[in-house]
Amino acid sequence: MPLPDGVHSPGDVYSGAQGGGHTNRTFVFDDGQCAPRQPGAEDGGRGDGARLDTAGLKMSDLDSEVLPLPPRYRFRDLLLGDQSFQNDDRVQVEFYVNENTFKERLKLFFIKNQRSSLRIRLFNFSLKLLTCLLYIVRVLLDDPALGIGCWGCPKQNYTFNESSSEINWAPILWVERKVALWAIQVIVAIISFLETMLLIYLSYKGNIWEQIFRVSFILEMINTLPFIITIFWPPLRNLFIPVFLNCWLAKHALENMINDFHRAILRSQSAMFNQVLILFCTLLCLVFTGTCGIQHLERAGDNLSLLTSFYFCIVTFSTVGYGDVTPKIWPSQLLVVIMICVALVVLPLQFEELVYLWMERQKSGGNYSRHRAQTEKHVILCVSSLKIDLLMDFLNEFYAHPRLQDYYVVILCPTEMDIQVRRVLQIPLWSQRVIYLQGSALKDQDLMRAKMDNGEACFILSSRNEVDRTAADHQTILRAWAVKDFAPNCPLYVQILKPENKFHVKFAEHVVCEEECKYAMLALNCICPATSTLITLLVHTSRGQEGQDSPEQWQRMYGRCSGNEVYHVRMGDSKFFREYEGKSFTYAAFHAHKKYGVCLIGLKREDNKSILLNPGPRHILAASDTCFYINITKEENSAFIFKQEEKQKRKGFAGQGLYEGSSRLPVHSIIASMGTVAMDLQNTECRPTPSGGGGGGSKLALPTENGSGSRRPSIAPVLEVADSSTLLPCDLLSDQSEDEMTPSEDEGLSVVEYVKGYPPNSPYIGSSPTLCHLLPVKAPFCCLRLDKGCKHNSYEDAKAYGFKNKLIIVSAETAGNGLYNFIVPLRAYYRPRRELNPIVLLLDNKPDHHFLEAICCFPMVYYMEGSVDNLDSLLQCGVIYADNLVVADKESTMSAEEDYMADAKTIVNVQTMFRLFPSLSITTELTHPSNMRFMQFRAKDSYSLALSKLEKRERENGSNLAFMFRLPFAAGRVFSISMLDTLLYQSFVKDYMIPITRLLLGLDTTPGSGYLCAMKISEDDLWIRTYGRLFQKLCSSSAEIPIGIYRTQSHVFSTEPHDLRAQSQVSVSVEDCEDTRETKGPWGMRAGTGGGSTHGRHTVGSDPAEYPLLRRKSLPWARRLSRKGSRHAGKAAAEWISQQRLSLYRRSERQELSELVKNRMKHLGLPTTGYDEMNDHQNTLSYVLINPPPDTRLEPNDIVYLIRSDPLAHVASSSQSRKSSCSNKLASCNPETRDETQL
């Protein structure tokens, strides 16, 4: 009711703040009078007044508007109360009132509610089974021979007459039913009828005929209504009622019950189980219906028993048809025909559905049962796409460990199983232990199928063959997040491709970044040759049995040493190291290697989680330390056989035997008791050596006695406890003092002094800070371009810069963040400044600003746009002045339509460079490891063919490293990142492998931990003789731990330019000339090794014209051939002429290549003096020996892998006097000899 004008209710002032449905009013004061603002006028008739329409108001109106006070501040409302709330017209709304009706409550109980409907269906199923059971009881109690008739009627006997064609229908219409049985059946029928009618009423939706003509309703009426009628009409109590048809209703109830059961327990419905159940129930219902129908109809015939009818149905449905039992009357014959037709229609459809579901289940993989997950151990492998190489690498490495034999591997992959993978998983070796599930890690249902929450570990691998590797990383990150969300306690082992994405999965227990490890390993390959092979062999599980049946000595030794792996043991529980408690780390490392052949490389304190590689001689071992060592097998699998010679060694006749006893004498007493050996200890200081001293330098200098070399040289002992007077601080502090040295004369005054510090700009989050050599001032971006001059310098090629050291060229497609890890290990603070090699980045695409900002602080780092398939780009970047060329795999070529063709372009380009620049050491990264057999391919070389056969034989023997004998891999000139997948797999058993590998590669720098370097053995260092004596020499002088040898041997391949000599030797060998035949190894390799060169990788190859062998054998060969007839002489002459032509052709081909290179250099304006056209150093084979035995003989040009202690580990604790004494020693050292200690 509207109020009169001028009268306002309190609700008009303020309402609707607390309650709903009220109207908010605002007041506008005009000329001192208050007027209400009508909601329908300016608010569009909405009546809410929630917003003030300021469009039609004047500025004065806006200024004069005053908001009303809240109710709690109005005194009138406090006294009288808010009238608007007293006259509240709000309405209480009740929800879901439709469910309160009687029908809805019944529907909720009988249909909608899962658990209650499941109980109703179970009750209905039981009723139907009970009716079928009562029918069988009725058949067994009924005997037609006793008489047939209605209830209360006289019984008539009936005898079947085969000659008569008439059928007596009385035995078919009437049966004998006991009163008790009739009563039970009537009660069951009433219950079934009432339940059916109630369900019809509840499920009625407006169409009654749809409910009536349903098959289930018709069957219910047939089996229940007659029994209800017999209550009111007693003569019909013996009427036959086909109650056996209730088996089909029981089948329908069972299907619904199973569906409700799956819903009630919140499980996904198993379509395979349901289909098998439906098929079985259909067969059972057909047989039961046929059995009961034939038995009843044959009451008017042969009166078959129930068992005989069942036998007839089985024989008929199985299409056997013996014919001993047959229906006699046409109704039973008609029923058989109907049943057979139904079976021919229904059963094939059921079988087709079952086969389809079976095939789909084979594709999806089914489920890993909860019972198996709780009683057995399993790991989950999540991948985007599963290739056969990835699968076999994982399975071979995972099951190589004895304690993992009982584990199961569940593969979760969103794609369908590959044909090759399917074949492999059908092998009994893997079919019992590997389960393939097709599904996604982002779906909880699939994670539940794999039982991720019960898994021992989850390995999430990236798809490195994707064109967009960043997108592949994003998929990996989402999978890791999904697994962590679903199963927080499941350990994660994640593989990431790009380093900038690593911090997203830092919560995982173990993470391996592919590009970080790849570029750091390729960088170390340039200064420590074959580092990639060394690391690959260390992270692969092997027993060292590869190549043991080979006739080649190097293959047997190489294969044996490849079985070395990294193990750990607590020192107090170790037989290897327990006796060295309280002694220095260096002392324990040397004696453990001498006594047991194990190489102690690092340890971890009990109170510190960081692993330290070679912490140095000042580190005293404790019983609680965890020792990490390299050995063929772990200590628990080793047997200790003590020899009698060890007792004689402890007598102390030799100088080096005095310190091996268990007594701990003071250091000065030990030195005093050694006599002349103490003089050797003093002579191990840094001092000048002859210029031809080679790679040994000051560390391996030959000790002399009073300036004469008449006495047999000996090696200083390794002390139990480090002594400050005998340690060589020059080795520990050489890098720090080196910058303080005055530059030599040839360098002049233009040498830029570098500073040590941390790179100011990291290209991505998560990079480990590393102390590096840096420029005092960042270089301008224009100065980083190698091939273009700028206002700061005018150099346009590598020759103009005048670098003192050889270049390192790395070819990559883009300047990704991983390339930053190629530069850091080469500019680490522990690399001597004089040994820093210039780095040239040959990039297909121009680097972005952020990458240039990250590398502009490093000295001698340049970039250039170009590609390895362009000869001009190679020449401009200074390939003829380079010692190493690294060809990184390109992302755009990692995927190909045909498998293993992704490396085709890279292989052909490297083969071209191999022919154009034979003296260049090329390290190539391939996508597929199997393609390394094409590197430096020699089609007709018998030795390479023999290696191919050896590889196949090792693969058949089950080796995980079948490719290890390929010469490019053994020499460290080819590498595939997939080889490092085993690093992640091994971390499941050895959780320390990733930190140790990162320390070796220089990706992590832990204070006090050593680093990997290399040292070359020259001719003057061979007085040490054996690897064991070298171990002692390094431990006693510079506290360095050797871990292996890179050995290079000369070898002649049959396809080189001097093939004429080799082919003539083959011809002579065929003729069995004793005076001209040369001794050859079983593999066609010349016996013995050639002389070595001072080059780090190869020995010097001679010119073909300088071989005297052909001239020496020409006369005997001619005499031998002259004894043959003219036909043989003519044939031999023709062969000789063809060989001459072939040699000239190959020599001319080599000359054409050299002329091509020189012409291009002249065209580009480059000097041609640096191109060595015939300096071919490819006639060598190289291999890595990890932890060789102590008695291994050293050979010239051996390169020893060392773990050198941290130069800054003890700088802070050293006294100032020791620093000054070290500086004096360094001042007397020849700088050139120090440069020769490393590559």
Self-check item: 10 Å-binned pair-distance histogram of segment 762-835 (Cα, whole percent)
Solution: 14, 41, 40, 5
Practice problem: Any chance you could run the full-extension gain for Trp233 through Leu133? It's 0.36 nm times the residue separation minus the Cα-Cα distance, nm to one decimal. | Solution: 33.5 nm
Self-check item: Cα principal axis extents for segment 882-990, largest first, Å
Solution: 45, 35, 32
Quiz prompt | Interchain or long-range residues, amide H under 5 Å from Ile496's placed H | solution = Val512, Cys513, Glu514
Practice problem: Starting with the highest mean, order 868-879, 930-941 by the number of other Cβ atoms within 10 Å, averaged over the residues of each peptide. | Solution: 868-879, 930-941
Exercise. Inverting the mean 1/r over all pairs of different Cα atoms, compute the Kirkwood radius of segment 392-510 and quote it in Å.
Key: 15.3
Quiz item: What share of all Cα pairs of segment 365-448, in percent, falls into each consecutive 10 Å distance bin?
Solution: 16, 54, 29, 1
Quiz item: With θ set to phi - 60° and the Karplus curve 6.51 cos²θ - 1.76 cosθ + 1.60, what are the ³J(HN,Hα) couplings of segment 924-934 in order, to the nearest whole Hz, using x for Gly and Pro?
Solution: 10, 9, 10, 6, 10, x, 5, 7, 5, 5, 8
Exercise. Please give the FRET efficiency for Ser768 paired with His371, using the beta carbon to beta carbon distance and R0 = 51 Å, rounded to the nearest 0.05.
Key: 0.70
Quiz item: How would you rank 422-431, 485-494, highest first, on the average number of other Cβ atoms within 10 Å across their residues?
Solution: 485-494, 422-431
Self-check item: For segment 988-999, Karplus couplings with θ = phi - 60° (6.51, -1.76, 1.60), whole Hz, Gly/Pro x
Solution: 5, 9, 10, 6, 9, 5, 5, x, 5, 5, 5, 5
Quiz item: Tell me, what is the FRET efficiency for Thr1026 and Val342 to the nearest 0.05, using R0 = 60 angstrom and their Cβ-Cβ distance as r?
Solution: 0.10
Practice problem: Quote the charge dipole size of segment 964-1016 about the Cα centre in Debye, to the nearest 20; the model charges only the Cβ of Lys and Arg (+1) and of Asp and Glu (-1). | Solution: 280
Practice problem: With unit charges on the beta carbon (Lys/Arg positive, Asp/Glu negative), name the residue among Ser309, Val346, Trp430 whose Cα is farthest towards the positive pole of the charge dipole of segment 305-458. | Solution: Ser309
Quiz item: What do the square roots of 5 times the Cα gyration tensor eigenvalues come to for segment 440-537, in whole Å, largest first, as semi-axes of the equivalent ellipsoid?
Solution: 30, 15, 11
Practice problem: Mind checking segment 270-333 for chymotrypsin sites (Phe, Trp or Tyr not before Pro) that DSSP puts in a loop (not H, G, I, E or B) and that have at most 15 other Cβ atoms within 10 Å? | Solution: Tyr322
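A short reminder: the numbers here are calculations on the coordinates, not readings from a lab. Note that the coordinates shown come from a computational prediction; the quantities given were computed from them, not determined experimentally. Cβ: placed from backbone, ideal geometry, glycine included. Neighbour counts: every protein chain shown.
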